[in-house]
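Accompanying notes for the structure given below.
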Amino acid sequence: MSSTSVKRRRVVITGYGTLNPLGASAEDTFARASRGESGISEIRAFDTTGLPCRIGGEVNNDWLKPLDTFAPYRKARCGKFSSRAVDMMILATREAAEMANLDQVRDRYRIGCSLGSHGENPSTGEMRFLHRFYHEKTGWNLRELEATGGFSYMSFLKRKPDVAPAILARLFDCRGSSLSIVSACAAGAQAIGEAFRLIQDEKCDVMVAGGCEATLNFSGFIGFVLIKAMAEKYTTPQTASRPFDRKRNGFVMSEGAGALILEELEHARRRGAKILGELRGYGDSADAYRITDTHPKGEGAILAMSRAMADGGVLPEEIDYINAHGTSTAQNDLTESRAIEAVLGEHASRIPVSSNKSMLGHTIAAAGAIESILSLMGMQKSIILPTINHEFPDKKCRLDYVPNKARHQPHRILLSNSFGFGGQNACLCLAAWDGS
Amino acid sequence: MTDPVVITGRAIVTPLGDCLESTWTALLSGTSGIGPITAFDASGFPCQLAASVSGINPESLDLPRRESRIMDLHSLILMKCAQEAMRDAALSGEGDSGLEIGFFAGIGMVDYRTDDLTGAVSASLDETRQIDYQRFYERAYQEIFPLWPLAMLNNIALCQVAVKLGLRGENSVFSPHGDSTLQGVWEAVDVLRNGRNQQVLAAGVAEKISESSLARGLLHGFINVRDSTHPCRPFIRDNAGTVLGEGGGIVVLESLSSAASRDRPAQVAISGYGSAFGQADERGFCGPSEEAIAQAMAGALRSSGHTFEEVDLVLTHGEGSPYADRNEIKAIRGLMRGSKSITRIYSSKGNLGHLLAGAPLVDIVLAERMISSGMVPPVDCQGALIEDAEDLLVKDSPSRLNPRVVMVNAFSYEGQAGSLLLEAL
């Protein structure tokens, strides 16, 4: 199939914001990442005694304190039904909205919200409470449960993925399309991609797009322990996430949020918004291989990258940099490297490919958004962020992974990859803004 | 429309049957799929009624045991519908053909099954029957089936279908209500209009009715606990809420030229979509405002190039809750203002219950059948109607309305509203 058959509206970025283990803002995060710092530490949020992985990328609780003085948050009493992930998303969105002067946009029905978000996991306290009233043979004892005052409605509400975009829409007065995407690790990138399509399709002029995740709690964490996807062998927390390194042995779970303001080009120009970059293309695919494994040749990743380039009208030799999914798992990093070689051919060996997850860990639904923001900032500052902990090259991973030190290098067009559990893949093609 | 996006395959599973024919026949005869909950002991809940689906088993779907173990009812319904819709459209994902078949789905909430964790909890109990976390962390968690975490991801149902049928085209999963499903359908249309895939499956499926989903609905306040004789009566003046339903469906979409090149018949195109956000009530989550609903409907009209006067029928969200029904009727009346004719309305929820993310997809398939047969089944709505709905609602017996342009509405409880427009070719 050909790529776009109709000339479509161009989509630019006019704001971004993030909260993650490295920083409480996009600038703080980029500054620390460009110094090759790690945001990974021993987990303090819950007791990890006995677990084979006891580290993660936690967001400093003090960074959430600005919510206490954020008037719309207090007025809407969001504290009652918001969750940690949504709280982070609100602050990321506030940063992005201020950068974009979102308040300026008059027709609020032309502003939508597209969010990768999975809802909050039940806490161990809730599960422990509920299991008191459940017996294997007789099922639930609801009368006993009711006698305690019952289960909290807010706990159910926090589990729902569409509560997050609804809260954002309410706080930032976005009355256009509001959607929640639940494609695991690809959710953030897909949310940006779907927002891109809504603007191209003239359904909205502006979209708040991104993702958030806060799974550093027992019930969120234990699942990934069970599927043995996380790093279990590490000397220090900071060296555990080592994408493309021979000694990599799993990803490190993190939490965070990232928000971008996407805007139709002429709309941004008319209101004099500062244009920070352009979203050129979006591609996605399904591996359709195995539910537990990625395709060994990275076929799904190849499709997603190829489709993003075709969608953006970009040739392989025009790609200057790839922000890899680079999870630090044995399987992903190898298949992603192979996929990049397959898509770019000889050009693959000439361009830098790096993984932000080496410093941030894996923020799941937020990853695609945070990594897009860092990619965009890298283009603005002509800095390629490094892959840290790259000490022992893997002969099978043959690309330039920007080992350990950031590199000053102008670059204008890049790909940002996100691949999800189950085999959903997404790729965004971003370009520097030159005013044309 | 230069090359309209049309429906060439469809499959549904509803409380009234495991296919379109049985559901359609039952709807025409006014049969209700609502009855007592039998899947679990609901006697302690203030509502013990639901519209349940039965008889879907993994064996009939040719699934490996290891994978079907993590498939709850919603995954099985999605798999069954996908297999049947692909057959109906004469499609196969084998070889490279799957590269050009996309898949977008609206999927409901995924709740953990208590039994999946009970073994681990039991192994963690200390002498006083309290959970000993040390025991849990060190050993007991290994009692949990290793693939269980995957079952908790909302996207796994779509991925399992993609693996089984070889679907490698564009895809996404939206969640958890009907507005999400309509977003997925429209994204499928966008993919086809811009030539990014050859065919796309668009799906919507409700979560399984369980203690968790029932408790969620009850605490949310949208389930009828007042009137067990009439558990779901859309657009009735003293309506008391809705009733949960199970089910969902899939349509196969492609361009008319693609359908023609494959010699596949097509009668209905999807031509417009609109969506908006606005909460009906500042205090809580009880659905979209009248204004948001009107904006979504107006958006669908704009993108299709139709006026509301040209819409013959609206398959409403019509769930039987006071807020949602009244706001939807007001929005419809507002759009009808100045119109020389009236636009008739229908709701399937009186018979099928509220299928949440599955509802609009089932409604799309029903709308296609209404357009092709000319018939509209009666709405199950005994009692005095909301004043503004009286002359609009199709009730009492099936009507031959011969609708040509049909709108499908779907809302969330969080304030999202979506509208899709279908029309006869």
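Any read-out appearing in this document is the output of simple, stated calculations on the displayed coordinates, not a laboratory observation. Values in this document were obtained by computation on a predicted structure and should not be read as measured data. Quick reminder, even Gly has a Cβ in these numbers, built from the backbone with ideal geometry, and neighbours come from all protein chains shown.
Computed on the range B:176-247, the Cα convex hull volume stands at 117 Å³ per residue.
Each listed q (0.18 Å⁻¹) maps to a log10 I(q)/I(0) for the range B:1-141, found by the Debye formula over equal Cα scatterers with no solvent: -1.21. Between the beta carbons of B:R404 and B:S339, assuming R0 = 22 Å, the FRET efficiency works out to 0.85 to the nearest 0.05.
Could you work out [θ]222 nm for chain A from helices alone, using -39500 (n - 2.57) per DSSP H run of at least four and dividing by all its residues? Round to the nearest 500 deg cm²/dmol. Dividing the helical sum by the residues of chain A leaves -9000 deg cm²/dmol. Only DSSP H runs of four or more residues enter the estimate; each adds -39500 (n - 2.57), and after division by the residues of chain B the mean residue ellipticity at 222 nm equals -10000 deg cm²/dmol.
Value of Rg to Rh for the range A:195-252, rounded to two decimals, is 1.24; Kirkwood radius and Rg both from alpha-carbon coordinates. Build a GNM of chain B with springs between Cα atoms under 10 Å apart, and of B:D396, B:D263, B:D363 the one that fluctuates most is B:D263.
Kirkwood radius and radius of gyration were both taken over the C-alpha atoms of the range B:238-390, and their ratio Rg/Rh is 0.97.
Bridging of A:K405 to lysines at a Cα separation below 16 Å is possible for A:K357, A:K381, once same-chain residues fewer than 8 apart are set aside. Ranking of B:K340, A:K80, B:K208 by neighbouring Cβ atoms within 10 Å, starting from the fewest: B:K340, A:K80, B:K208.
Where the centroid of each part is defined by its Cα atoms, how far is the range B:328-360 from the range A:138-211 in Å? What the calculation gives is 25 Å, centre to centre. Simple spin-label estimate for B:R237 and B:L28 gives 3.4 nm between the two label positions (7 Å along the Cα-to-Cβ direction from each Cα). Computed over Cα pairs, the Kirkwood radius of the range B:102-209 leads via Stokes-Einstein (1.002 mPa s, 20 °C) to a diffusion coefficient of 133 µm² per second. The modelled label-to-label distance between A:K405 and B:A123, using points 7 Å beyond Cα along the C-beta direction, is 5.0 nm. Report the Stokes-Einstein translational diffusion coefficient (µm² s⁻¹, integer) for the protein assembly as shown, Rh taken as the Kirkwood radius over Cα pairs, at 10 °C with viscosity 1.306 mPa s. Result for D is 59 µm²/s. Cα-based radius of gyration for the range B:341-425, normalised by 2.2 N^0.38 Å, reads 1.09.
The A:R143 and A:E42 beta-carbon pair, evaluated with R₀ = 45 Å, returns a calculated FRET efficiency of approximately 0.55. Please give the FRET efficiency for A:T292 paired with B:E309, using the beta carbon to beta carbon distance and R0 = 51 Å, rounded to the nearest 0.05. Efficiency, from the Cβ-Cβ distance: 0.45. For B:L147, the shell of other residues with beta-carbons less than 11 Å away shows a net charge of 0, using +1 for Lys and Arg and -1 for Asp and Glu. Which residue fluctuates the most in chain B, going by a Gaussian network model with Cα springs under 10 Å, if the choices are B:R326, B:R196, B:R129? Looking only at B:R326, B:R196, B:R129, the biggest GNM fluctuation is shown by B:R129.
Summarising the label geometry, the points placed 7 Å from Cα in the beta-carbon direction at A:E202 and A:K247 lie 5.8 nm from one another.
The packing ranking of peptides A:424-430, A:288-294, highest mean first, is A:424-430, A:288-294, where packing means the average number of other beta carbon atoms within 10 angstrom of each residue. In a fully extended conformation the segment linking A:S436 and A:F392 would gain 11.5 nm over its present Cα-Cα distance, using 0.36 nm per residue. D by Stokes-Einstein for chain A, Kirkwood Rh over Cα pairs, 20 °C, 1.002 mPa s: 99 µm²/s. Distance between the C-alpha centres of the range B:54-126 and the range A:242-276: 32 Å, rounded to the whole angstrom. Seen from every direction in turn and averaged, the convex hull around the alpha carbons of the range A:309-432 projects onto 7.0 nm². Averaged over every viewing direction, what's the projected area of the C-alpha convex hull for the range A:258-359? Give it in nm², one decimal, please. The directionally averaged projection comes out at 8.1 nm². Across the alpha-carbon atoms of the range B:268-308, the computed radius of gyration and Dmax are 12.3, 41 angstrom. Note on B:E67, B:E282, B:E319, A:E213: ascending count of other Cβ atoms within 10 Å places them as B:E282, B:E67, B:E319, A:E213, the fewest first. Eigenvalues of the alpha-carbon gyration tensor of the range A:49-148, scaled by 5 and square-rooted, set the equivalent ellipsoid semi-axes at 37, 20, 14 angstrom, largest first.
For chain A, set up a Gaussian network in which alpha carbons nearer than 10 Å are linked by springs, and say which option among A:E194, A:E146, A:E232 fluctuates the most. Evaluated over chain A, the most mobile residue of the options is A:E146.
If the segment from A:R10 to A:R35 were pulled out straight at 0.36 nm per residue, it would be longer than the present Cα-Cα gap by 5.6 nm. Projected onto planes of every orientation and averaged, the convex hull of the alpha-carbon atoms in the range A:171-279 covers 9.6 nm².
Chain B gives an Rg/Rh value of 0.99, both radii derived from C-alpha positions and Rh following Kirkwood.
Summing charges over all other residues whose Cβ lies under 12 Å from the Cβ of B:P15, with Lys and Arg as +1 and Asp and Glu as -1, gives -1. Shielding value for A:187-193 is 2, the average number of Cβ atoms from other chains within 10 Å of each residue's Cβ.
Counting only other chains, and only Cβ atoms inside 10 Å, what mean value do you get across the residues of A:419-426? Mean shielding by partner chains, rounded to a whole number: 6.
Among the listed pairs A:K80/A:K137; A:K65/A:K160; A:K233/A:K297; A:K137/B:K349, a Cα-Cα separation exceeding 28 Å is found for A:K80/A:K137; A:K137/B:K349. Between the range A:346-377 and the range A:80-116, the alpha-carbon centres lie 23 Å apart.
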